[in-house]
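The structure appears right after this line, and notes come after that.
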Amino acid sequence: MNIRTNPGKFRGFEQYIRVENVSRRSVLKGLGLAGGFVLAAPVMSRTAFAAYETGADKMPHGTVVDPRVFVAIAPDGVVTIVAHRAEMGTGVRTSLPLIVAEEMEADWSRVRVQQAHGDEVKFGNQDTDGSRSTRHYLMPMRQIGASARTMLETAAAKRWGVPATEVKAVNHEVVHSASGRRIGFGDLAADAAKESVPSVEGLKLKDPKDFRYLGKGQISIVDLRDITVGAARYGADVRLPGMKYAVIARPPVTGGKVASFDGAEAMKVSGVEKVMEVRGWPWPSKFQPLGGVAVIARNTGAAIKGRDALKIVWDDGANGKYDSVAYRAELEAAARKPGLVVRKEGDVEAALKGADKVIVGEYYLPHLAHVAMETPVAVADVKGDKAEIWAPVQSAGGTREDVAKSLGIPEDNVTVNVTLLGGGFGRKSKCDYAIEAALLSKELGAPVKVQWTREDDVRNGFLHTVSVERIEAGLDKSGKVTAWRHRSVAPSIASTFDAGTLHQAPFELGMGLVDMPFEIANVQCENPEAAAHARIGWFRSVSNIPRAFAVQSMVGELAHATNRDQKTMLLELIGSPRIVKLDSVKDLWNYGEPYDSYPIDTARLRKVVELVADKGGWGRSVPKGHGLGIAAHRSFVSYIATIVEVAVDDKGKLTVPRVDTAIDCGTYVNPERIQSQIEGTAIMGLSLAKHGAITFKDGKVQQGNFDDFPVIRIDEAPAVTNVYIVPPGPDTPPSGVGEPGVPPFAPALINAIFAATGKRIRALPIGKQLEA
Amino acid sequence: MKPNATALAVSLLSSMLLLNTEAATAETPSPPSTTATRPATTPPGQTSLPNQSPPATTTQTTGEASRDPMVKKMNEDEKQKVDTKGK
């Protein structure tokens, strides 16, 4: 199974050493050149059999469980394992191969990781989003490793003429204990390749107590050294001979287009070679480019200078009056009127009327931009009916499909090479920048790099939606919550591909609205209309951010109203340990997972609250001006609770001395990566809560860079972030890690600010609200 | 089959050297001015036609159903995908 790289086919990646990119052409070429690797075979796909059911097989192209696709063993014993997901900081291209290595008894020091190209027929689904990679691929990767191990053991047994039951793979060798014979994986590779792949159903997986790597957290990510020393290669590092450099002036208003342009001054800029209008598609058009005017140059800097010299008259179209201030008022008005009922238990109207007290909270969250440190960039080389792309994309298979459609060529003629991503956060699930490069390369007959600047990223991306969440909670005389009405008003992501969208889609409603787990007799969730006037897209944690902000802030408000401790109030609302029944919810979306495998289990939610309270010292004494806040949330089928300690000085300056988070993500692979993800979400959560706001005036985004859309710097970062991981039960399926840390951060922070100052913040970002 | 490791290594090395040489000449060596990466908030040469559209509301959609068959199909497929799979 030779899938080592033939570097001649990896232009742009010549400096990659440990992590290489795999294209199908190079695989075939490599087989022909080297030929000595084993387990090489025609590609065959098989649906994964899993001990617990997940939604993996319902994803496009499902899962592929075949060691011949994912594993190569060289005669020298080096094992190469393909990572078919994209690396954007989660460590996934280490974690998934590590699972294979664990099961096949490979010595990690003799393992090399290769990045797969985009090919979902071959590798299975490649959408690196939705916090799905480990939860969908833990079992398939174990099965791949176990298959490879079984083939090696079978080959060794045949060579020695002993029953296969008498041999065992141990640390890169197969051992026959009775005779003391042992043979390395490299020496067995050719024979093992001749063995048939065992049936998944008959595989014997390792006993978890024998794991050497999984769950230990002692393996560094394969990219660590390169990232640390600046040697990692991102999309912008790809350079091809004869490559042109392009930037594009895109319509500043969603749905706008070029009315006229004059490129004469741009052409005078040294290095600029061409100015041309590029095609856009009327909005909404999924992830198709916006169009505009491209400046082609000998380097990116010249292209940017040329773009600055363009004279363009835009036709802003139907969204030319989009104004964030006015639209917020519209959202608030909508939230105060009945909307589409999406969950109903009991009689909330009657319960609110009969309540001793009703607490109302209205929470606003503006649009947000992803601002991954690496802005979108792509290189394309289109020759005739063939295209090759190099880009930091979260969805390699989707990119391949969309580029092929945009060029009007067969998907098999498109190769998508996935570079390291300098952050993704959902932005790079949309491949518009790769399509732009492909269209320009086709037009120019040369390789083209399209580079987005930070301003392009902020102003022409796919933003997190804007929302108003209104919650009315009715209390009886004892302070028990008897009624809960939550209206959520926000433009839907579906508006990116459905012009008539006025309501949120089931997958958005299922993120903290209809799946609210509190034990309350009368519950009603409503979704009033909200038309979109900008491109809305997936953003790390998606709708969970505004929902957790609202629900968990309301918990704090209820605690204050009833003179109770926040944690006590939270646990009372969560109620008894139980599996939540949501029979009244039509089309309940459970992150794509079957409810039997991943139900809403309030015992697990209670447990993370108790754990973080215990470890995080809930109730401890804090200095004057400090406060503690707590919040808990289930998202991406994981459970998480966070305590934030804040300090607010007499001028309103906010600092965060300490964050404590407990997470129950089921069975896990690498606790070190869980810790790093939670630390990252504390940074991101604090950035968004303090500063995050994208606003519109006359249809145009008013921000452009980190001066007006700041991310926190080191002096603002939490001084300490502690992470506590709930040990998994023996049969607990894995769940999400990359996203769940974000949603509870803001409400824990806001509850802490209230504890410190008595000020309740209901609109984010915090900005200067504490200075008043 | 047994690979000729030496031949393969030589092949790899020569390919890498060749590619590095080509890459070195691909971009002009002098970096652009630092100000070139900081464009003005509103590019001075860009303006908009007078806009007669109504104010943006929560109830009136402004998108347009695509007439391009390819995009129409893309939109329909993506809608179906998120309706059933969430993404």
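One table, with the values for the structure above:
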{"item": "Paired Rg and Dmax values of the range A:567-705, which use every Cα atom, in angstrom", "result": "18.3, 51"}
{"item": "For A:E526, residues with placed amide H under 5 Å, excluding near neighbours", "result": "A:V342, A:H486, A:R487, A:S488"}
{"item": "Which listed pairs, of A:K244/A:K386; A:K286/A:K321; A:K209/A:K615; A:K405/B:K81, have C-alpha distances above 21 Å, in listed order", "result": "A:K286/A:K321; A:K209/A:K615"}
{"item": "Dipole-positive endmost among A:A333, A:H84, A:A318 within chain A (Cβ charges, Cα centre)", "result": "A:H84"}
{"item": "Packing rank of A:199-209, B:60-70, A:83-93, A:541-551, where each peptide gets the mean count of other beta carbons within 10 Å, highest leading", "result": "A:541-551, A:83-93, B:60-70, A:199-209"}
{"item": "Trypsin sites (Lys or Arg not before Pro) restricted to the range A:593-673 and DSSP loop, no more than 12 other C-beta within 10 Å", "result": "A:R620, A:K624, A:K651, A:K653"}
{"item": "Residue pairs, from the table A:K274/A:K311; A:K700/B:K85; A:K567/A:K651; A:K311/A:K442, whose Cα atoms sit over 22 Å apart", "result": "A:K700/B:K85; A:K567/A:K651; A:K311/A:K442"}
{"item": "Leading residue at positive end of dipole, chain A (Cβ point charges), from A:G186, A:A755, A:F636", "result": "A:G186"}
{"item": "Selected from A:V612, A:Q524, A:M554, residue furthest toward positive end of dipole (chain A; charges at beta carbon)", "result": "A:V612"}
{"item": "³J(HN,Hα) computed for each position of the range A:435-442 - Karplus, 6.51 cos²θ - 1.76 cosθ + 1.60, integer Hz, glycine/proline x", "result": "5, 4, 5, 5, 5, 5, 4, 4"}
{"item": "For A:W314, distant residues with modelled amide H under 5 Å away", "result": "A:A259, B:T47, B:S48, B:L49"}
{"item": "20 Å Cα-Cα reach of A:K206 towards lysines, excluding residues that sit fewer than 8 places from it in its own chain", "result": "A:K168, A:K216"}
{"item": "Amide H partners (placed H, <5 Å) of A:E277, local residues excluded", "result": "A:A294"}
{"item": "Point-charge dipole on Cβ atoms (K/R +1, D/E -1) for the protein assembly as shown, about Cα centre, debye to 20", "result": "700 debye"}
{"item": "In sequence order, calculated HN-Hα J values of the range A:176-193 (Karplus, 6.51, -1.76, 1.60; Hz; x Gly/Pro)", "result": "10, 4, 4, 9, x, 7, 8, 8, x, 4, x, 6, 8, 4, 5, 5, 4, 4"}
{"item": "Modelled FRET efficiency - R0 41 Å, A:S220 with A:D707, Cβ distances, 0.05 increments", "result": "0.70"}
{"item": "Surface/4 estimate of mean projected area, convex hull on alpha-carbon atoms of chain A, nm²", "result": "33.0 nm²"}
{"item": "Calculated from backbone phi, Karplus (6.51, -1.76, 1.60) coupling profile of the range A:255-269 in Hz, x at Gly/Pro", "result": "x, x, 8, 6, 8, 6, 8, 10, x, 4, 5, 4, 5, 7, 6"}
{"item": "Whole-number D in µm²/s for the range A:224-345 (Stokes-Einstein; Kirkwood sum over Cα pairs; 25 °C, 0.890 mPa s)", "result": "137 µm²/s"}
{"item": "For peptides A:147-155, A:221-229, sequence by mean Cβ density within 10 Å, most packed first", "result": "A:147-155, A:221-229"}
{"item": "For A:D66, A:D715, order by how many other beta-carbon atoms lie within 10 Å, fewest first", "result": "A:D715, A:D66"}
{"item": "Rel. contact order, % - alpha carbon contacts under 8 angstrom, at least six apart, the range A:426-575", "result": "24 percent"}
{"item": "Euclidean distance of C-alpha centroids, the range A:615-632 and the range A:186-217, integer Å", "result": "47 Å"}
{"item": "Charge dipole magnitude, Cβ of K and R +1, D and E -1 - the range A:271-367, Cα centre, debye nearest 20", "result": "380 debye"}
{"item": "Charge dipole magnitude, Cβ of K and R +1, D and E -1 - the range A:69-200, Cα centre, debye nearest 20", "result": "140 debye"}
{"item": "Chain A - percent relative contact order, Cα under 8 Å, separation 6 or more", "result": "13 percent"}
{"item": "Within chain A, helix-based [θ] at 222 nm, where runs of 4 or more DSSP H residues each add -39,500 (n - 2.57), nearest 500", "result": "-8500 deg cm²/dmol"}
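Every read-out reported here was derived from the displayed coordinates using simple, explicitly stated rules and does not represent laboratory data. Just so you know, these numbers come straight off a predicted model, no measurement behind them. Cβ atoms come from the backbone with ideal geometry, glycine included; neighbour counts cover every protein chain shown.
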